[in-house]
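The values are calculated or read from the model by the stated rules, or taken from the named source; none is laboratory data. Every value quoted in this text rests on a predicted model; they were computed, and no experiment measured them. Heads up, the Cβs are rebuilt from the backbone with ideal geometry, glycines too, and the neighbour counts pull from every protein chain shown. With ligands, DNA and RNA removed, areas are computed over all heavy atoms of the protein, side chains included. Shrake-Rupley method; radii C 1.70, N 1.55, O 1.52, S 1.80 Å.
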Amino acid sequence: AWVGWTRRPAVTPPCADQAAPLANRWDADRAAAVRAAFATSNVPFATSAATRVTSQLDAWSARWVDMRVEACRATRVTGEQSDALLDARMRCLDRQLDEVAQVAAALVTTDRDVIARAAETLEVPDVSLCANRDYVLARVPPPESPLARARVEGVEHELAAASARERTGHYREGRRIASAAATTAEELAFAPLLAEALLVRGRLEQQDGDTTAARATLTSAVRAAGVARDDITFA
């Protein structure tokens, strides 16, 4: 008698395709867009600047993917890490990617000042922080309510936008974004978010040359961080 058989469906290995979130944030198309924008700027050093910037972001994204794989495997494969720690690490990585994506978008420009700044020193988030257990767990988790959490994440997205403006030298625009984010954070009455928003706003005020405003804002940030028991922002 003939016995039929069926092919077993392929099993997706745990922690596969951790690079997927980079799509449309930092990928080959984004890199090409930066190079094309720089090339039409008529800045003499545009080509070398584009090479330096895209290489730096490529290297950052490779480290970011490696960190996601390592974090995932530590929980899903080796079992040496708790689900809570995995969530905290992934949240850290997601927030860094949000900021880098907005930096990448800001670099699609012909602005000579932005190109010159990027060519000299383009600072990107430190991926290794997301492997630091004490650092990621010191961050106060967002509210459990889906609605409140969504609103908090919306403000975090705006703070990533403000920080991206800081990294690309758009201090005035960054101040505007951070100020609006701080107002929303205060309305939400979520002290850790308010402390972070005030910290970002204060940094931008300082970079923009408004030291008086920066001193007042950063003092308020310290107070809010104390209320939130957010040691990282407080420091």
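Accessible area per residue for the chain is 55 Å², calculated with a 1.4 Å probe on protein heavy atoms, without ligands, DNA or RNA.
Note on GLU144 and LEU85: the extension gain reaches 19.6 nm, defined as 0.36 nm multiplied by sequence separation minus the Cα-Cα distance.
Remark: region 162-174, residue by residue, has Karplus-estimated 3J(HN,Hα) of 5, 5, 5, 5, 4, 5, 9, x, 8, 5, 5, 5, x Hz, where x stands for each Gly or Pro and the curve is 6.51 cos²θ - 1.76 cosθ + 1.60 at θ = phi - 60°.
Length gained on full extension, ASP113 to ARG63, computed as 0.36 nm times the residue gap minus the Cα-Cα distance: 15.2 nm. Label point of ASN42 set 7 angstrom out along Cα-Cβ; within region 81-111, amide nitrogens under 16 Å from it belong to 110-111.
For region 65-77, backbone phi angles converted through the Karplus equation (6.51, -1.76, 1.60; θ = phi - 60°) give residue-by-residue couplings of 5, 4, 5, 5, 4, 5, 5, 5, 5, 4, 9, 7, 10 Hz, Gly and Pro being listed as x.
Listed values for region 31-48 are Karplus-derived 3J(HN,Hα) couplings in whole Hz (6.51 cos²θ - 1.76 cosθ + 1.60, θ = phi - 60°), namely 4, 5, 5, 5, 4, 5, 5, 4, 5, 8, 7, 6, 7, x, 9, 4, 5, 5, and x replaces Gly and Pro. For the chain, the relative contact order is 16 percent, taking Cα pairs closer than 8 Å that sit 6 or more residues apart in sequence and dividing their mean separation by the residue count. Probe 1.4 Å, all protein chains in place: accessible area of ARG76 in Å², nearest 10? Result for ARG76: roughly 130 Å² accessible. Its relative contact order, with pairs defined as Cα atoms under 8 Å and 6+ residues apart, puts region 101-200 at 29 percent. Around the Cα centre of region 146-185, unit charges on the Cβ atoms of Lys, Arg, Asp and Glu (plus for the first two, minus for the last two) sum to a dipole of about 120 debye. Please give the FRET efficiency for THR211 paired with ARG25, using the beta carbon to beta carbon distance and R0 = 25 Å, rounded to the nearest 0.05. The pair THR211/ARG25 has a calculated efficiency of 0.15.
Most tightly packed first, judged by the mean number of other beta-carbon atoms within 10 Å of their residues, the peptides 40-47, 204-211 read 204-211, 40-47.
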